[in-house]
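Beneath this line is the structure, given in structure tokens, with notes to follow.
The values are calculated or read from the model by the stated rules, or taken from the named source; none is laboratory data. None of the values given here were measured: they were computed from a predicted structure. Heads up: the accessible areas ignore ligands, DNA and RNA and are worked out on the full protein's heavy atoms, side chains in. Shrake-Rupley method; radii C 1.70, N 1.55, O 1.52, S 1.80 Å.
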Amino acid sequence: MKPSLAIPLALLTLAACEDPHRARKVSVPGHEGALKTTATLRADRRAFDGAPPVIPHGELGAACTSCHTVRGMAVPELGFAPPLPHGETSGLSDASRCTQCHVFRREESLYVASSFAGLRQDLRRGERQHDVAPPVVPHPIFMRENCAACHAGPAAREEIRTSHPDRENCRQCHVSAATELVFAR
Amino acid sequence: MWNSDPDRRRFLKTLGAGAACVALSPADRAEAARLLAAGAFESADAALAWHKAPCRYCGTGCGVEVGVREGQVVSVRGDEKAPVNKGLLCVKGYHLPGMLYGEDRLRHPQLRRNGKLERISWDEAFDLIAKEFGGALEEHGPESVAVYGSGQWTIFDGYAALKWVKGGMRSNNLDPNARLCMASAVMGFMTQFESDEPMGCYDDFELADDFVLWGNNMAEMHPVLFSRILEHKRENPNVRIVDLATRRTPTSNYADLYVEFRPGTDLAIANGILHLLLKKGTIDRKFVRENVVFKRGIEDLDTIGYGCEGDQAEQYTFKDQAQASSLEELEEFLADYTPERVSEISGVPKAHIDALARIYGDLGRGTVSLWCMGVNQHVRGTWMNNLINDLHLITGKISRPGSNPLSLTGQPSACGTAREVGTLSNRLPADMLVTVDEHRAKTEDIWGLEPGTIPAKPGYHAVDMFRALSRGDIKAMWIQTTNPWVSLPNLHRFERKPGDGRFVVVSDIYPTPTTDVADLILPSAAWVEREGMFGNTERRTQHWDKLVEPPGEAKEDAWQIVEVARRMGMEHLFPWATEEDGDWHEPMFEEYRRFTLGVGKDLASYEQLRKARGLRWPVVEGKETRYRYAAGHDPYVKKKEGVHFYKAKKNGEKAAFWLRPYHPPAEVPDAEYPFWLCTGRVLEHWHTGSMTRRVKELHQAMPEAYVEVNRADAVELGVQDGQVVRVVGRRGSIDLPARIDGRGATPRGSLFIPFFDESVLVNELTLDAMDNISKEPDYKKSAVRLELVSS
């Protein structure tokens, strides 16, 4: 298999510098002032790729799902609240118990320094059989059933943004690898 | 990482081919270039291997897949094939890898000489332990040595300790920290069914209609199991949750009925429910007639006492005496527990007591009772366990899919190691007791020891063990995988004085207040740094392989014990090649397994467990058991239908219903100390925080302990949210920030403090009162006052 063509597109061209550790406002039609994250910021918020992100804002006094809806929501003064990636089909998840897995960052210092070096996101994954074949889904689907949460809309990072958000049934073409083995009789 | 040139060229080519298609922002481009230069992204070809393991923390026993690359744990994900959690974890589980990599991991054996720690070799360490323990045995006898273990011990660790202490040193001074957490549940099951551990299992989370939580904040303490309940409720709107509690918790938010009661009055409430069940006739008389006998024990408060400092003798040795009772006597006994009187005692409205009676009494609906520390850490914890089991016995709601009492556990192998291996001062494997001649004989036979090797007198239970250490009756003690100088109640009582003549060894993975007072510190291998097996709440035994090397010279606890036993001339106890990474785990487990076969506690084979995502015992002919004592489920039940409590030999193979009265707590608020103090955990931290505080995300989310104060009390005392206040009790005082209406909310006159923070030792305030039967301390009910701290 070849590595995906579409996924790592963001990585090549050199240009002006901005602090990748800060979210910045982007202009997305219909969502002026949306805050957009970068790959570095994404990594800052996770212990390792696949870990639930910490909550990047303070307590706002509202239920998480009042802003983090299935389609996300523009919140005045704050930016765009990304959609909920956990779909209705997520089995055990209960959308209203977000803090079971996502915690606030109330403190910047560490209790004790750590040498933990977690898995980083692999932007080259998403293998495809040939140049125009749809890439396979390079991560587990569980708890990520709402593909559009990360791959479409104002909150989607450009490296992984879909070119065809209107086709909502993503898994019609993009399958998830259930095994690393190849077929053998 | 970018080690391979062809890899890199291919990647750059790929990037070039696609670059023209997408409009990139300048920031993305800049970041991309920087990351590329730094080699920050993973190579798809780098070998990342995934392996199964149970989570390291609580008794739920979630399955995780551990991502290992180049000898390091780099990732963890919920195991979708794990029947316990079906892919979901809690925030502690998702951040497991960080637990291994705190920079202050203990890496080498260290001996304290003249107040300073010096690095020594393993050989020196083992020789010293052998000398000190051997010397104490010779000079003062087997009662002068002790091992204090853990519900976090693997089955291997616990079995090695049991064999060394009871079969080698001929002492019963072996007790685990599990004595502080689930001993009351053990004694509940043992006194009623003569066999420990639940009859039900997690399948009930999708089968029950009503869930009654007795003092159990599942949303924080067993979050994945609570998620299963909530998911079931979402799909079945008729499902109800009742939260009986002494403070509002995140669990209360999901309850259909929240029942707030005064601390300790759950005894009265349970009796009040029984009163109404009998009065309304909503009991299963046929079930009771066929399967239940009635009993009562000593009920006089003065005779029983509370076993705490200043209350009774230095050693608390109360023994209950059973006498036969009957359903008729029960009716008389319960006459006092009218809704009016129970309401008066507990503060619970009569309507709520009635609602509870209707839930248990609706014989058409499945009812599961759940409890953990609220019931177990209770001066009458065994009685409370008895009463909850009684509610299920009287209604026949037991050993039935969707209807069971299910006691939850707080440690990953409280069941598998402490309870099943039997690392308690009065126990032997598979429900056996040191006080029973045949049980000792069977153990000696399997171990190939001379008859009479194991003493018949039980050793010290946990609290008494530390009292004996303070007195000097115990000369040498080895503590593994636990942190008693944070977790014991009434901590001041156990302070060590320099030059006290005792020898204390501590095996752990990080420095703690317990290693601070140790004479010898040994570095242990943690979790997937060694092979292991845990047994969870639902009788599921789970195996994992060693996946990475431990840091420095750290070694697994079982191996440490075996090496010391060899040096004490007890190599006959461990006749397997126990060199590092030798294949001794399988023969050790298969020897232990012999205790379990044929007695209804049958464990699966080592080979089967290595492959499975855990199996629930009894495992007979390779098949696990979901419901014990139930026809059609339990292979030991030969009946075509119904239940058979075949383990309860003393009662004609019937379960015992115990009549248990209400007794007040040992210490109650008064004019001088007007507040209740309850201690416990929070979602982010596990137990004394020695592991979870070293995980960045968990520490940053919950960096310090706090005291939860009721808003009206705060207003009255002039306490602001976040203000540092002083909590003063009879035994000590601590300063910490107040939190008003945080994630929990205490009722007026009541405080809550979590115990994970070693810099604010809430156990300097708690009372060392304990349950009369299980000897488990009550961490939930002390009296304190709140003071402002002048700045």
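Structure values in brief
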quantity	calculated
Solvent-free Debye scattering, log10 I(q)/I(0), computed from the Cα coordinates of the protein assembly as shown at q = 0.04 Å⁻¹	-0.19
Spherically averaged projected area of chain B from its Cα convex hull (nm²)	37.3 nm²
Mean-position separation - Cα centroids, region B:128-186 and region B:349-402, in angstrom	35 Å
Residues of region B:49-100: accessible area per residue with a 1.4 Å probe, Å²	24 Å²
Reachable lysines from B:Lys640, criterion Cα separation under 20 angstrom, eight or more residues apart if same chain	B:Lys286, B:Lys397, B:Lys623, B:Lys654
Eligible aspartates and glutamates near B:Lys639 by straight Cα distance, threshold 18 Å, same-chain separation 8 or greater	B:Glu290, B:Glu653
Cα convex hull of region B:466-588 - mean projected area over all directions, nm²	9.6 nm²
Rounded accessible area per residue of region B:506-604, 1.4 Å, Å²	27 Å²
Accessible carbon and sulfur surface of region B:675-766 relative to its total accessible area, %, 1.4 Å	46 percent
Region B:49-100, Rg to Rh (Cα coordinates; Rh as Kirkwood inverse mean 1/r)	0.94
Percent of beta bridges antiparallel (DSSP, the protein assembly as shown, rounded to nearest 5)	55 percent
Candidate lysines for bridging to B:Lys92, where Cα separation is under 18 Å - those fewer than 8 sequence places away on the same chain excluded	B:Lys52, B:Lys696
With every protein chain in place, region B:49-100: carbon and sulfur % of accessible area (1.4 Å)	50 percent
Pairwise centroid distance, computed over Cα atoms, of region B:235-273 with region B:607-645, Å	32 Å
Computed over region B:183-408, Cα set: Rg, Dmax in Å	17.0, 54
Accessible-area value, B:Ser403, 1.4 Å probe, nucleic acids and ligands omitted, Å²	0 Å²
Carbon + sulfur, % of accessible area of region B:183-408 - ligands and nucleic acids excluded, 1.4 Å	47 percent
Accessible area expressed per residue, region B:675-766, with surrounding protein chains retained (probe 1.4 Å, Å²)	30 Å²
Buried solvent-accessible surface, both chains (B, A), 1.4 Å probe, Å² to nearest 100	6300 Å²
